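The values are calculated or read from the model by the stated rules, or taken from the named source; none is laboratory data. The shown structure was predicted, so the numbers you read here are calculated from the model rather than taken from an experiment. Cβ placement follows ideal geometry from the backbone for every residue including glycine, while neighbour counts extend to all protein chains displayed.
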Amino acid sequence: MPRKKPFSVKQKKKQLQDKRERKRGLQDGIRSSSNSRSGSRERREEQTDTSDGESATHHIRRLNQQPSQGLGPRGYDPNRYRLHFERDSREEVERRKRAAREQVLQPVSAEVLELDIREVYQPGSVLDFPRRPPWSYEMSKEQLMSQEERSFQEYLGKIHGAYASEKLSYFEHNLETWRQLWRVLEMADIVLLVTDIRHPVVNFPPALYEYVTGELGLALVLVLNKVDLAPPPLVVAWKHYFQHQYPELHIVLFTSFPRDTRAPQEPASVLKKNRRRGRGWTRALGPEQLLRACEAITVGKVDLSSWREKIARDVAGASWGNGSAEEEEEEDGPAVLVEQQTDSAMEPTGPSRERYKDGVVTIGCVGFPNVGKSSLINGLVGRKVVSVSRTPGHTRYFQTYFLTPSVKLCDCPGLIFPSLLPRQLQVLAGIYPIAQIQEPYTSVGYLASRIPVQALLHLRHPEAVDPSAEHPWCAWDICEAWAEKRGYKTAKAARNDVYRAANSLLRLAVDGRLSLCFHPPGYSEQRGTWESHAETTELVVLQGRVGPAGDEDDEEEELSSSCEEEGEEDRDADEEGEGEEDTPTSGPGSCLAARNPYALLGEDEC
């Protein structure tokens, strides 16, 4: 008798929701796009749909389905901005699964961790981003949309014609998301390109730099975000690398959750609770640097004194207590004017060439998913005004926020530019949704060949009889050993749930608890120079790694708490589809990851 397939409570709930959705669709006469129909219908769309101008030769995988009650009174479709990536073939997925079981992992040298941006993007090639085609006010909306779709298809055709699909990275195939970028660039007076300090060249497309600084003539500020997740010498090395390669850049170091060495240390559980509730945004490191960069760009054309006064108030009012009075004060902070951008904001409008209109500077935040654009805006505002999530594609359309009467921030959805980056690295960088990965094991192998995961997590080989004996490891063995250690079991047969274990390991890497940092070219030879650099010493104190008097912070309590709560977070993320929770990707204790992030992560008492 064949084994019954497990049917979870979550699936049953979805089934009931789909049934109600179908009833509502019959009553209103509207074809609903609920999850109930996304099974067979969406599989057909991914293979043959050309309604969005997609070539039938490229099978597209649509991610992050949102429930909807029809299209609404204004025709709003919540799935309009879903991530569109090229779908992996079934043969390719099976091949990678076999390799994960058979290929023995070998540690790579330090030179392999050095990434040159010319190898990732190949400046001057067709690895560009789609530009908005020329248009005039005499054109109708339908003519404009049709012209943009044709131009976008030509753009995709050039890329897929020059490179094989296996060589290309995942990149955005949804024109609607690119239209958001066009609109933000048209509105902005200053463009912030936000990158993750662990792999900044992954998030820095040279084509965007050339377009913003050349064709648009705008100032581009490179924000090296999450500096608490990398060692200070590496941060300084990346900063000087970009200054040398792109001299027109203004570079800012930023983190939303630094550690204050002047205040007494809180228990790790309190810090983690405040992160989950979105508190502590006033402690961001970097707003003053960004203000100085904007002052140098505007050269007195905009009065930014109100911004400086706000930063001074935030610094003076930042408190490290956790009393209810403080929480109420933070929740009831000064109001921030939020302009919700609807479809009407995406109507054809000409780019305003009037800089600093009405004495207001508009700052547009662009970048890849999961680099911390929304967290950066929260850090600048001083409290939570933008929801953040570990899931790429959480921000679906741009919104604007008035930081002060003369400073307007614009949050753009994360966009993935085409490159030649390995897809495993894209997954580890948080660019591709972990919950949507068909085969996560090769990404775990990519991670384990660059940092000793099995040793750092104290994993025992699944085939080992004698713990002291050496056994070769493959990616599948690591996932199975972690499933055994964490107690991840399948529902019916109670076997080790290696898929869940693989997802858990990838989340640890994305969150910075298994810290994989890449280096600029030549870093291994010049490591001593960067360690003794004057900026490194200054950054050490700012990051809170060592106090001003030389006292080291208490790391073990932080890491122990991280270990105790990691299993609960994994379970929640599995049940909720990779976390639609407002959880920032770096936290007050994350700066420890660069020195010893694994000390207690894999202990048995976790």
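Give Gln424, Gln438 a once-over and let me know the one that is polar (S, T, N, Q), in a helix (DSSP H, G or I) and within 21 Å of the chain's Cα centre (by Cα).
Gln424
Please find, among Thr255, Thr282, Thr298, the residue that is at pLDDT below 70 and of a type in the set (Ser, Thr, Tyr).
Just one listed residue meets the conditions, Thr282.
Tally time: how many residues in region 205-234 are within 20 Å of the chain's Cα centre (by Cα), more than 19 Å from Pro521 (Cβ to Cβ) and in a loop (DSSP other than H, G, I, E, B)?
1
With respect to Val202, is the statement that it is out of contact with any Gly (no Cβ under 9 Å at 6 or more places or on another chain), of a type in the set (Val, Ile, Thr), part of a helix (DSSP H, G or I) and touching a residue at least 60 places away in the same chain (Cβ under 8 Å) true?
Considered against the rule, which asks whether it is out of contact with any Gly (no Cβ under 9 Å at 6 or more places or on another chain), of a type in the set (Val, Ile, Thr), part of a helix (DSSP H, G or I) and touching a residue at least 60 places away in the same chain (Cβ under 8 Å), Val202 comes out as yes.
Of all residues in region 93-125, count the ones that are part of a loop (DSSP other than H, G, I, E, B) and more than 30 Å from Leu185 (Cα to Cα).
7
Examine region 126-141 for a residue that is part of a helix (DSSP H, G or I), charged (D, E, K, R) and either in the same structural domain as Leu181 (by TED's automatic domain parsing) or surrounded by 17 or more Cβ atoms within 10 Å (Cβ to Cβ) (or both), and state whether such a residue exists.
Looking through region 126-141, at least one residue is part of a helix (DSSP H, G or I), charged (D, E, K, R) and either in the same structural domain as Leu181 (by TED's automatic domain parsing) or surrounded by 17 or more Cβ atoms within 10 Å (Cβ to Cβ) (or both).
Can you tell me which of (1) more than 26 Å from Leu425 (Cβ to Cβ); (2) in a strand (DSSP E or B) is the one Leu192 doesn't meet?
For Leu192, the failing item is (1).
Can you name the number of the only condition in (1) modelled with pLDDT of 90 or more; (2) in a helix (DSSP H, G or I); (3) more than 27 Å from Leu168 (Cα to Cα) that Leu459 fails?
Against the list (1) modelled with pLDDT of 90 or more; (2) in a helix (DSSP H, G or I); (3) more than 27 Å from Leu168 (Cα to Cα), Leu459 comes up short only on (2).
What number of residues within region 151-177 are among the aromatic types (Phe, Trp, Tyr) and within 19 Å of the chain's Cα centre (by Cα)?
2
Could you grab me the full set of residues in region 207-256 that are among the charged types (D, E, K, R) and crowded, with 18+ Cβ neighbours inside 10 Å?
Lys226, Asp228, Lys239 - these are the residues of region 207-256 that are among the charged types (D, E, K, R) and crowded, with 18+ Cβ neighbours inside 10 Å.
Within region 102-116, how many residues turn out to be more than 22 Å from Pro205 (Cα to Cα) and either of a type in the set (Gly, Ala, Ser) or exposed (fewer than 14 other Cβ atoms within 10 Å of the Cβ) (or both)?
Qualifying residue count, region 102-116: 8.
Would a scan of region 454-473 turn up a residue that is surrounded by 20 or more Cβ atoms within 10 Å (Cβ to Cβ), in contact (Cβ under 8 Å) with a residue 60 or more places away in the chain, under 28 Å from Asn64 (Cα atoms) and touching a Phe, Trp or Tyr at 6+ places or on another chain (Cβ under 8 Å)?
No: region 454-473 contains no residue that is surrounded by 20 or more Cβ atoms within 10 Å (Cβ to Cβ), in contact (Cβ under 8 Å) with a residue 60 or more places away in the chain, under 28 Å from Asn64 (Cα atoms) and touching a Phe, Trp or Tyr at 6+ places or on another chain (Cβ under 8 Å).
So which of Ala448, Ala501, Ala481 is farther than 30 Å from His84 by Cβ, under 23 Å from the mean Cα position of the chain (by Cα) and crowded, with 17+ Cβ neighbours inside 10 Å?
Step by step, each of Ala448, Ala501, Ala481 is checked, and only Ala448 is farther than 30 Å from His84 by Cβ, under 23 Å from the mean Cα position of the chain (by Cα) and crowded, with 17+ Cβ neighbours inside 10 Å.
Condition (residue is of a type in the set (S, T, N, Q), over 30 Å from Ser449 (Cα atoms), modelled with pLDDT of 65 or more and not in a loop (DSSP other than H, G, I, E, B)) applied to region 16-33: is it met by at least one residue?
The answer is yes, given that some residue of region 16-33 is of a type in the set (S, T, N, Q), over 30 Å from Ser449 (Cα atoms), modelled with pLDDT of 65 or more and not in a loop (DSSP other than H, G, I, E, B).
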